[in-house]
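Report on one structure; see the data block that follows.
Laboratory data are not the source of any read-out in this text; all were calculated from the coordinates shown. Since the model is a prediction, treat every value here as computed from it, not as a measurement. Positions of Cβ are generated from backbone atoms using ideal geometry, with glycine treated the same way; all protein chains shown enter the neighbour counts.
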Amino acid sequence: MFEINPRDKMVERALLVGAYDDPLRKADERDLLEELEELVRTLGIPVIDRLLVYHREPQARYLLGSGKAEEICEHIRTLGCDVVIFDNELTPAQQRNWEKLSKVLVIDRREIILDIFGARARTREARIQVDLARMAYSLPRLTRAWSHLGQQGGGIGAKGEGESQLEQDKRKIRGQMDRLRKELLGVRSSRATQRKDRKRAPVPNAAIVGYTNVGKSSLLRKLTGADVLVENKLFATLDTTTRKIALPNNQPLLLTDTVGFIRKLPHELVDSFHATLEEVVHSDFLIHVLDASHPRVLEFYHTTMGVLSDLGADTKRTLVVFNKMDRVADDGTREVIRKHFPGAVFVSVKTGEGLENLIGRISEFVSDGTCRGTFRIPLARTDLLARLHREGVVHQTEYEEDAIRVSATAPARLMEALRSYAASPGPPSR
């Protein structure tokens, strides 16, 4: 893996810059700049100051006008900053121009998110996906790492009279990316096999989705007792975790925690994490978790729905859950949320408020995907009876000479597998 900006020492004083060209979006851009500060602090980088800059239209050289760029550089020297982080997406040329003008490291929001993802990746799949995203981002920025691009190298294996070090490195990165894509195909194939195995034993599956740091992993841990990482940080975990829960009616359910969404998510990560988000596409329904205490909760809702729309999962049955209600003391805020989301559930994972109601609503969602029937199961197929007990709810059992008459409620997929054994209801058992 090539580092696009090798650092001789850890950066210690960061200046954040957000540029906007629409006065009506000033408040939104301020919120995004605050979110960038939280992302930067997640990496352990102290933030010294933030600048929100208005410009009429994007400029090719610095994104901003040269006069405004000079003012910012003077501010950098006054504060003694060693890194400038833009909330805007900078082109490779703009990054080079800023670094030449300011004499400090200059990066953008995408690079911060990529660094966080690189630090958080744990499984082989997540590491492959992060490496692919970072290489795609690095490729057009390699020139920042070389001051000898005119040097030529010859010898065995070289092309023609020789090729520059930059060309060699680009060729090497492309080769590594091809290798990683092949590995990712193998991971996706393995995931598809696991999904097929789940379908053979059709236990309903719900995917927990939502903006980053709203409490998705905490909810999974509370409901299932799963030993999953829970931290008050953005993108505390990137890997999907699936755990089984038994609902009050003995109906089993698989709960899958997914990577949190965020505004301005880099396109490289949207593409490379598609395999992770496939769990959302193939789930039976979604549990959309929101932070009720956040002032921009409605905007976060629309951000998540936008990502779900891109995945083709925005039309799935969805149970909206507002978490962190213990932080909402204002009754007016609660009423506004209830007005916008009349079918939502209000909980606090921290205090346990509303969790019993949530489990009841989840049971209702699972029941909506089930049906009831009566079957005559041959004595030689007691495995089917065991599946009914394991994956559904058995209401009545009656043993006959050559079969077992069973009345049960189970997932529709299991009922389809039992269709050939369907029977009309018999007399009630004594």
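Any idea how far the Cα center of region 47-86 sits from the one of region 351-426, in Å? Using only Cα atoms to place each centre, the spacing works out to 64 Å.
At 37 °C and 0.692 mPa s, grab the translational diffusion coefficient of region 288-430 from Stokes-Einstein with a Kirkwood Rh over Cα pairs, rounded to a whole number in µm² per second. Write down the numbers at each step before the final one.
Details: Rh = 18.4 Å.
For the chosen part, D equals 179 µm²/s.
Residue order for Lys100, Lys26, Lys68, fewest other beta carbons within 10 angstrom first, comes to Lys100, Lys26, Lys68.
By the count of other C-beta atoms within 10 Å, a proxy for reagent exposure, His395, His288 are ordered fewest to most as His395, His288. The residues Arg61, Arg419, when put in order of fewest to most other Cβ atoms within 10 Å, stand as Arg419, Arg61.
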